[in-house]
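So the structure is just underneath, and the comments pick up after that.
The values are calculated or read from the model by the stated rules, or taken from the named source; none is laboratory data. The shown structure was predicted, so the numbers you read here are calculated from the model rather than taken from an experiment. Neighbour counts are summed over all protein chains in view; Cβ atoms, including those assigned to glycine, are modelled from backbone coordinates with ideal geometry.
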Amino acid sequence: MDTKYLWKRHNTYWVRVRVPNSVRHIIGKAELSKNLYTKDLGEANRLKHREVSRLMRSIDIAKKQLDGSKATLSKEDMLREYASSLRDLQENDIDNDLEELSLALGSAVENELSKIYGEEEANAIFHGDDPQYKGKKANPEAVEATKDAFRIIDLKSNPLSQIASAFLDEEVKVLKNATFRRKKKHIEEFIRWVGNIDIDKVTRKVAGDYITRKIKNKNPSYDTIKNITADVGSMFSWAENRIDLERNPFHRLSIPKIKKGAQGRKPWTQEQIVKFLSHKNMKRNDVLATAIALYTGMRLEEICQLREKDIFDGCFHVEEGKTKSASRVVPIHPVLEKLIQQTTYDKEDYLIHDLNGGGYDNKRSWNFQKRQGRLRKEAELPKGVVFHTLRNTFATRMENAGVPKNHITQLMGHEDGNMALDVYSGGLAIEPLRKSMEKLSYGEEVDDYLLKDCI
């Protein structure tokens, strides 16, 4: 029987999780633990995952504090977490009288509400709608959180937050970290949009309206919409088997085909390139990343992952990428050579310094991409002119320079590339690509500018 995360104390099973050295000074402990109140190993294994997940969330909060991010839960989330923990404790005790139990849980929530918000705010939350009440008005967010809390402790209901928590507690055990983060993000976004309603209140129309809104407001790719539909739908499929949900509203939901390029993304013009590179708020990272994209066609995350060890024999060696064919060797353009020579590497040997990971997959490019977006807005570049379309710009310029299409394909790491990384030997196999790369130019106003000590 699996005993991971479990230990026995006084003949009772507990869960415990080691606290990373980096955040022990924040948490104040070397490990976190929770009593499962059972002597049975099988029962302990059934209960442990939810508690481990909660302890892990505490560690995540500490890590965010270390990074300077929002470190603590809001009062509203504290109340919701408390209600959720009450429900977790009582769901396994089915012998209790449901009506009596509901009263006890309601009383516990009221007490916790007063602790979190204070008596005055608690009175406003409970009595604010009463015409006889003369006190201050309650915070609308606190009122909504209170409604959520009482919805959560209602054992006859199945609020989305509770379903999501139970579902994700199981998914975290079987999914890769990046896939789990993406699924969790999509589910949480859906719940924020629809509200923490009972799961059987989510109709097919609601699901369709949500996808329509996503397409209209975010203008995403077809793959993104497909992932959102599949990720949120997987929670409903799980509920079909666990709580006898009648139907998954996302099942076979029609997704309109969104053609590549429908997002209005276009190659950069010469004027836009010059305007962006010379913008007053451009820093070393911004110039270097933009230059590498212009002269290699690399994706932003590939650029952010480049280390000193990836540069040798006059080439970038891209070892990991979006697809299998993304692993490739890219000759360094003459304009980039000087920029690379000027580079002082950070303590982790990255070309692009001091980036904190972010997003569901913790990519180094996450926050950097947001900064790039702000810079483009400051430079008054039109919508659709984004960092990724520097790949389009590179491909267009190479084609206009007479470079063979198969060379462009290989350099950009497209899936139909025909030159694998392992064919590179002693620089011989790469020479045709190097000669093709040397044909690329963005004119004196870009090439010469970057050849100066601009970073």
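If you go through region 337-363, how many residues are in contact with a strand residue (DSSP E or B) (Cβ under 8 Å, 6 or more places away or on another chain) and touching a residue at least 40 places away in the same chain (Cβ under 8 Å)?
4
Considering (1) touching a residue at least 60 places away in the same chain (Cβ under 8 Å); (2) closer than 30 Å to Lys383 by Cα, say which one Ile152 fails and leave the rest.
(2)
So for region 62-79 (the condition being buried (at least 16 other Cβ atoms within 10 Å of the Cβ), modelled with pLDDT under 75 and not small (Gly, Ala, Ser)), does at least one residue qualify?
No - not one qualifying residue is present in region 62-79.
Hand me the list of strands (runs of 3 or more DSSP E) wholly inside region 1-61 holding 2 or more residues that are at pLDDT 85 or above, surrounded by fewer than 18 Cβ atoms within 10 Å (Cβ to Cβ) and among the polar types (S, T, N, Q).
Where strands (runs of 3 or more DSSP E) fall fully within region 1-61 and carry at least 2 residues being at pLDDT 85 or above, surrounded by fewer than 18 Cβ atoms within 10 Å (Cβ to Cβ) and among the polar types (S, T, N, Q), they are 31-35.
Here's a check for you: in region 135-150, which residue that is in a loop (DSSP other than H, G, I, E, B) and of a type in the set (Gly, Ala, Ser) is surrounded by the most Cβ atoms within 10 Å (Cβ to Cβ)?
Ala138
Regarding region 194-211, can at least one residue be identified that is of a type in the set (Ser, Thr, Tyr) and surrounded by 15 or more Cβ atoms within 10 Å (Cβ to Cβ)?
Yes: one or more hits.
Check region 159-180 and report whether any residue there is under 25 Å from Glu110 (Cα atoms), buried (at least 18 other Cβ atoms within 10 Å of the Cβ) and touching a Gly at 6+ places or on another chain (Cβ under 9 Å).
Yes: region 159-180 contains one or more residues that are under 25 Å from Glu110 (Cα atoms), buried (at least 18 other Cβ atoms within 10 Å of the Cβ) and touching a Gly at 6+ places or on another chain (Cβ under 9 Å).
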